[in-house]
1. Quick one: what Rg and Dmax do you get for segment 1-112 from the alpha carbons, in Å?
2. Provide the per-residue ³J(HN,Hα) series for segment 77-84, in order, calculated from phi with Karplus coefficients 6.51, -1.76, 1.60 and θ = phi - 60°, each as a whole number of Hz, with x at glycine and proline positions.
3. Count neighbours as other Cβ atoms within 10 Å of each site's Cβ, and list the GluC sites (Glu not before Pro) in segment 184-228 that are DSSP loop with at most 11 such neighbours.
4. Over all alpha-carbon pairs of the chain, lay out the pair-distance distribution in 10 Å bins, whole %, shortest bin first.
5. Once you charge only the Cβ atoms, +1 for Lys and Arg and -1 for Asp and Glu, what is the size of the charge dipole of the chain about its Cα centre, to the nearest 20 debye?
6. Counting other Cβ atoms within 10 Å of each Cβ, which chymotrypsin sites (Phe, Trp or Tyr not before Pro) in segment 183-253 have at most 13 and sit in a DSSP loop?
7. In whole angstrom, how long is each semi-axis of the equivalent ellipsoid of segment 94-141, when you take the square root of 5 times every eigenvalue of its Cα gyration tensor and sort them from largest down?
8. Among P179, P84, P189, determine the one that fluctuates most according to a GNM of the chain built with springs between C-alpha atoms less than 10 Å apart.
Amino acid sequence: MSVSDKTVVITGAGSKRGIGRATAHTLAAAGWNVAILDLDEASAKDAAHEVAERNRVQAVGVGCDITDEASVENALTVLDGALPPVGALVNNAGITSPTPFLEVSGEEWDRIFAVNVRGAFNVTRRLAPGMAERGFGRIVFLSSVSAERGGGVFGGVAYSAAKAAELGFTRALARELGPHGITVNAVAPGLIDTDITGGALEGERKAELVAGIPVGRNGRVADVADLITYLCREETGYVTGATYDVNGGSHIH
Ligand code: NAD
(Lines give C-alpha, C1' and ligand atoms only; values in the text may rest on other atoms or scores of the structure.)
Protein backbone atom coordinates (compact mmCIF):
# COMPACT_ATOMS: atom_id res chain seq x y z
CA MET A 1 0.00 0.00 0.00
CA SER A 2 1.15 3.53 -0.63
CA VAL A 3 0.31 6.90 0.91
CA SER A 4 1.98 8.91 -1.84
CA ASP A 5 -1.46 10.03 -3.05
CA LYS A 6 -2.34 11.42 0.37
CA THR A 7 -1.40 14.34 2.61
CA VAL A 8 -0.89 14.43 6.36
CA VAL A 9 -1.65 17.70 8.14
CA ILE A 10 0.54 18.30 11.18
CA THR A 11 -0.11 21.25 13.47
CA GLY A 12 2.71 22.91 15.37
CA ALA A 13 5.43 21.25 13.28
CA GLY A 14 7.43 24.44 12.83
CA SER A 15 9.38 24.21 16.09
CA LYS A 16 12.95 23.20 15.17
CA ARG A 17 13.53 20.64 17.94
CA GLY A 18 9.86 19.74 18.36
CA ILE A 19 7.91 16.50 18.11
CA GLY A 20 5.89 17.84 15.15
CA ARG A 21 8.87 18.53 12.90
CA ALA A 22 10.42 15.13 13.64
CA THR A 23 7.05 13.54 12.86
CA ALA A 24 6.82 15.45 9.58
CA HIS A 25 10.13 13.85 8.58
CA THR A 26 9.21 10.29 9.55
CA LEU A 27 5.83 10.52 7.83
CA ALA A 28 7.44 11.97 4.70
CA ALA A 29 10.00 9.16 4.76
CA ALA A 30 7.02 6.76 4.79
CA GLY A 31 5.70 8.46 1.64
CA TRP A 32 3.18 10.98 2.99
CA ASN A 33 2.92 14.44 1.48
CA VAL A 34 3.02 16.94 4.32
CA ALA A 35 1.15 20.12 5.28
CA ILE A 36 2.43 22.05 8.26
CA LEU A 37 0.26 24.56 10.13
CA ASP A 38 2.08 26.66 12.71
CA LEU A 39 1.54 29.97 14.47
CA ASP A 40 5.06 30.85 13.38
CA GLU A 41 4.72 31.15 9.59
CA ALA A 42 8.45 31.34 8.88
CA SER A 43 9.14 28.15 10.82
CA ALA A 44 6.22 26.37 9.09
CA LYS A 45 7.70 27.24 5.70
CA ASP A 46 11.21 26.34 6.79
CA ALA A 47 10.01 22.95 8.06
CA ALA A 48 8.10 22.26 4.82
CA HIS A 49 11.16 23.17 2.76
CA GLU A 50 13.35 20.86 4.85
CA VAL A 51 10.84 17.99 4.57
CA ALA A 52 10.48 18.32 0.78
CA GLU A 53 14.23 18.54 0.34
CA ARG A 54 15.06 15.43 2.39
CA ASN A 55 12.20 13.24 1.18
CA ARG A 56 10.70 12.95 -2.27
CA VAL A 57 7.30 14.30 -1.31
CA GLN A 58 5.36 17.52 -1.61
CA ALA A 59 5.30 19.73 1.47
CA VAL A 60 3.63 23.05 2.22
CA GLY A 61 3.96 25.22 5.32
CA VAL A 62 1.29 27.73 6.27
CA GLY A 63 1.04 30.27 9.08
CA CYS A 64 -2.05 29.52 11.16
CA ASP A 65 -3.41 30.17 14.63
CA ILE A 66 -5.35 26.99 15.32
CA THR A 67 -7.35 28.69 18.08
CA ASP A 68 -8.99 30.87 15.41
CA GLU A 69 -11.52 29.17 13.12
CA ALA A 70 -11.09 31.75 10.35
CA SER A 71 -7.32 31.28 10.40
CA VAL A 72 -7.76 27.49 10.16
CA GLU A 73 -10.21 27.92 7.29
CA ASN A 74 -7.78 30.19 5.40
CA ALA A 75 -4.83 27.84 5.94
CA LEU A 76 -6.73 24.75 4.81
CA THR A 77 -8.09 26.58 1.78
CA VAL A 78 -4.49 27.27 0.72
CA LEU A 79 -3.86 23.51 0.84
CA ASP A 80 -6.94 22.56 -1.19
CA GLY A 81 -5.70 21.84 -4.68
CA ALA A 82 -2.03 22.45 -3.77
CA LEU A 83 -1.61 18.99 -2.24
CA PRO A 84 -3.32 15.57 -2.56
CA PRO A 85 -6.39 14.97 -0.33
CA VAL A 86 -5.86 14.85 3.42
CA GLY A 87 -5.62 11.29 4.74
CA ALA A 88 -4.23 11.99 8.19
CA LEU A 89 -4.12 14.65 10.85
CA VAL A 90 -1.67 14.94 13.73
CA ASN A 91 -3.02 17.31 16.40
CA ASN A 92 0.40 18.21 17.73
CA ALA A 93 0.37 21.96 18.44
CA GLY A 94 0.28 22.53 22.17
CA ILE A 95 1.38 24.85 24.93
CA THR A 96 2.12 24.14 28.56
CA SER A 97 2.45 26.09 31.79
CA PRO A 98 3.65 25.11 35.26
CA THR A 99 1.51 27.66 37.17
CA PRO A 100 0.19 26.08 40.40
CA PHE A 101 -3.59 25.85 40.69
CA LEU A 102 -3.74 28.28 43.60
CA GLU A 103 -2.15 30.92 41.39
CA VAL A 104 -3.60 30.20 37.95
CA SER A 105 -5.91 32.81 36.37
CA GLY A 106 -8.99 32.11 34.29
CA GLU A 107 -7.25 33.68 31.31
CA GLU A 108 -4.30 31.36 31.53
CA TRP A 109 -6.62 28.36 31.94
CA ASP A 110 -8.52 29.41 28.81
CA ARG A 111 -5.32 29.91 26.80
CA ILE A 112 -4.10 26.38 27.61
CA PHE A 113 -7.47 24.93 26.61
CA ALA A 114 -7.71 27.18 23.53
CA VAL A 115 -4.59 25.71 21.93
CA ASN A 116 -4.62 22.12 23.19
CA VAL A 117 -8.37 21.41 22.99
CA ARG A 118 -10.26 24.03 20.99
CA GLY A 119 -7.40 24.23 18.46
CA ALA A 120 -7.55 20.48 17.91
CA PHE A 121 -11.35 20.78 17.59
CA ASN A 122 -11.09 23.53 14.95
CA VAL A 123 -8.74 21.57 12.70
CA THR A 124 -10.36 18.16 13.22
CA ARG A 125 -13.88 19.52 12.67
CA ARG A 126 -12.74 21.03 9.37
CA LEU A 127 -10.88 17.93 8.08
CA ALA A 128 -12.96 14.99 9.33
CA PRO A 129 -15.86 15.43 6.84
CA GLY A 130 -13.51 15.01 3.84
CA MET A 131 -11.93 11.94 5.39
CA ALA A 132 -15.38 10.46 6.03
CA GLU A 133 -16.43 11.18 2.46
CA ARG A 134 -13.32 9.42 1.10
CA GLY A 135 -13.74 6.55 3.60
CA PHE A 136 -10.23 6.79 5.02
CA GLY A 137 -8.55 8.73 7.80
CA ARG A 138 -5.97 8.59 10.56
CA ILE A 139 -6.16 11.10 13.42
CA VAL A 140 -3.58 11.24 16.19
CA PHE A 141 -3.74 13.47 19.27
CA LEU A 142 -0.71 14.48 21.33
CA SER A 143 -1.84 14.00 24.92
CA SER A 144 0.67 13.63 27.75
CA VAL A 145 1.66 11.46 30.68
CA SER A 146 0.56 14.51 32.71
CA ALA A 147 -3.05 13.63 31.83
CA GLU A 148 -2.64 10.08 33.13
CA ARG A 149 -0.69 10.65 36.31
CA GLY A 150 -2.05 14.08 37.26
CA GLY A 151 0.87 16.33 36.34
CA GLY A 152 4.11 15.74 38.19
CA VAL A 153 6.39 16.42 35.21
CA PHE A 154 6.23 20.12 34.32
CA GLY A 155 2.70 21.16 33.38
CA GLY A 156 0.23 22.34 36.01
CA VAL A 157 -3.44 21.47 36.54
CA ALA A 158 -4.61 23.42 33.46
CA TYR A 159 -2.23 21.49 31.20
CA SER A 160 -3.08 18.11 32.74
CA ALA A 161 -6.80 18.84 32.44
CA ALA A 162 -6.46 19.95 28.80
CA LYS A 163 -4.38 16.89 27.91
CA ALA A 164 -6.97 14.65 29.65
CA ALA A 165 -9.70 16.36 27.61
CA GLU A 166 -7.83 15.24 24.50
CA LEU A 167 -8.14 11.62 25.68
CA GLY A 168 -11.93 11.89 25.99
CA PHE A 169 -11.99 13.64 22.61
CA THR A 170 -9.95 10.78 21.07
CA ARG A 171 -12.12 8.01 22.48
CA ALA A 172 -15.52 9.49 21.65
CA LEU A 173 -14.38 10.50 18.16
CA ALA A 174 -12.98 7.02 17.51
CA ARG A 175 -16.42 5.59 18.24
CA GLU A 176 -18.18 8.03 15.88
CA LEU A 177 -15.72 7.92 12.99
CA GLY A 178 -14.86 4.21 12.98
CA PRO A 179 -17.70 3.37 10.58
CA HIS A 180 -16.20 5.88 8.10
CA GLY A 181 -12.81 4.17 7.92
CA ILE A 182 -11.20 6.69 10.24
CA THR A 183 -9.10 5.66 13.24
CA VAL A 184 -8.48 8.08 16.12
CA ASN A 185 -5.73 7.48 18.65
CA ALA A 186 -3.73 9.36 21.25
CA VAL A 187 -0.09 9.22 22.20
CA ALA A 188 0.94 10.13 25.73
CA PRO A 189 4.62 11.10 25.84
CA GLY A 190 6.59 11.45 29.03
CA LEU A 191 9.49 13.87 29.28
CA ILE A 192 10.71 14.54 25.72
CA ASP A 193 13.69 16.74 24.96
CA THR A 194 12.15 19.74 23.08
CA ASP A 195 11.81 23.49 23.67
CA ILE A 196 8.22 23.41 24.99
CA THR A 197 9.26 24.41 28.53
CA GLY A 198 11.45 27.21 27.15
CA GLY A 199 14.44 25.79 29.03
CA ALA A 200 12.61 25.95 32.37
CA LEU A 201 13.14 22.26 33.08
CA GLU A 202 16.87 21.88 33.54
CA GLY A 203 19.42 21.01 36.21
CA GLU A 204 18.47 19.18 39.37
CA ARG A 205 14.75 18.84 38.64
CA LYS A 206 15.50 17.24 35.27
CA ALA A 207 18.07 14.88 36.83
CA GLU A 208 15.47 13.91 39.44
CA LEU A 209 12.89 13.18 36.75
CA VAL A 210 15.34 11.13 34.68
CA ALA A 211 16.25 9.12 37.81
CA GLY A 212 12.60 8.00 37.92
CA ILE A 213 12.60 6.70 34.33
CA PRO A 214 13.29 2.94 34.10
CA VAL A 215 15.05 3.16 30.71
CA GLY A 216 17.39 5.77 32.20
CA ARG A 217 17.01 8.71 29.85
CA ASN A 218 14.52 11.32 28.77
CA GLY A 219 12.61 10.74 25.55
CA ARG A 220 13.72 11.87 22.11
CA VAL A 221 11.46 13.34 19.46
CA ALA A 222 12.17 10.32 17.24
CA ASP A 223 10.67 8.03 19.91
CA VAL A 224 7.32 9.82 19.56
CA ALA A 225 7.53 10.40 15.80
CA ASP A 226 7.95 6.67 15.12
CA LEU A 227 4.87 5.82 17.15
CA ILE A 228 2.74 8.45 15.40
CA THR A 229 3.95 7.22 12.02
CA TYR A 230 2.94 3.67 12.95
CA LEU A 231 -0.55 4.86 13.95
CA CYS A 232 -0.94 6.68 10.61
CA ARG A 233 -0.14 3.64 8.44
CA GLU A 234 -2.91 2.41 6.18
CA GLU A 235 -2.24 -1.08 7.60
CA THR A 236 -2.88 0.09 11.18
CA GLY A 237 -6.62 0.05 10.69
CA TYR A 238 -7.66 -2.05 13.66
CA VAL A 239 -6.21 0.18 16.38
CA THR A 240 -8.58 2.95 17.41
CA GLY A 241 -9.63 4.81 20.54
CA ALA A 242 -6.33 3.77 22.10
CA THR A 243 -3.78 5.71 24.13
CA TYR A 244 -0.16 4.77 23.52
CA ASP A 245 2.32 5.59 26.26
CA VAL A 246 5.81 6.60 25.17
CA ASN A 247 7.45 7.47 28.46
CA GLY A 248 10.38 5.13 29.09
CA GLY A 249 8.37 3.41 31.82
CA SER A 250 8.06 6.56 33.95
CA HIS A 251 4.37 5.77 34.33
CA ILE A 252 3.28 2.14 34.09
CA HIS A 253 -0.40 1.41 34.58
P1 NAD B 1 7.12 22.73 20.91
O2 NAD B 1 6.93 23.90 21.81
O3 NAD B 1 8.50 22.36 20.47
O4 NAD B 1 6.22 22.91 19.60
C5 NAD B 1 4.91 23.36 19.67
C6 NAD B 1 4.56 24.06 18.38
O7 NAD B 1 3.19 24.46 18.43
C8 NAD B 1 5.38 25.33 18.11
O9 NAD B 1 5.95 25.25 16.82
C10 NAD B 1 4.36 26.45 18.23
O11 NAD B 1 4.64 27.55 17.37
C12 NAD B 1 3.08 25.74 17.84
N13 NAD B 1 1.88 26.43 18.33
C14 NAD B 1 1.65 26.92 19.57
N15 NAD B 1 0.47 27.54 19.62
C16 NAD B 1 -0.09 27.43 18.38
C17 NAD B 1 -1.30 27.90 17.79
N18 NAD B 1 -2.19 28.60 18.50
N19 NAD B 1 -1.52 27.60 16.48
C20 NAD B 1 -0.62 26.91 15.75
N21 NAD B 1 0.55 26.46 16.25
C22 NAD B 1 0.81 26.73 17.55
O23 NAD B 1 6.39 21.50 21.63
P24 NAD B 1 6.68 19.91 21.65
O25 NAD B 1 7.43 19.62 22.91
O26 NAD B 1 7.19 19.44 20.35
O27 NAD B 1 5.20 19.39 21.90
C28 NAD B 1 4.34 18.94 20.87
C29 NAD B 1 3.10 18.34 21.52
O30 NAD B 1 3.46 17.25 22.36
C31 NAD B 1 2.32 19.31 22.39
O32 NAD B 1 0.93 19.10 22.22
C33 NAD B 1 2.73 18.92 23.79
O34 NAD B 1 1.74 19.26 24.75
C35 NAD B 1 2.91 17.42 23.65
N36 NAD B 1 3.82 16.84 24.65
C37 NAD B 1 5.11 17.24 24.76
C38 NAD B 1 5.93 16.66 25.73
C39 NAD B 1 7.36 17.05 25.93
O40 NAD B 1 7.97 16.63 26.94
N41 NAD B 1 7.97 17.82 25.03
C42 NAD B 1 5.41 15.68 26.59
C43 NAD B 1 4.07 15.30 26.45
C44 NAD B 1 3.27 15.89 25.47
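1. In order Rg, Dmax, the Cα atoms of segment 1-112 give 15.2, 52 Å.
2. Residue by residue, segment 77-84 yields 5, 4, 6, 3, x, 7, 9, x Hz.
3. Answer by residue number: E202.
4. Each 10 Å bin holds this share of Cα pairs: 8, 33, 38, 18, 3, 0.
5. 600 debye
6. Those satisfying the criteria are Y238.
7. 32, 10, 5
8. Top of the fluctuation ranking is P179.
The values are calculated or read from the model by the stated rules, or taken from the named source; none is laboratory data. From a predicted model like this one, the values you see are computed outputs, not experimental measurements. When we count neighbours, we look across all protein chains shown, and the Cβ atoms used for this are built from the backbone with ideal geometry, even at glycine. Calculation scope for accessible area: heavy atoms of the full protein, side chains included, ligands and nucleic acids excluded. Shrake-Rupley method; radii C 1.70, N 1.55, O 1.52, S 1.80 Å.
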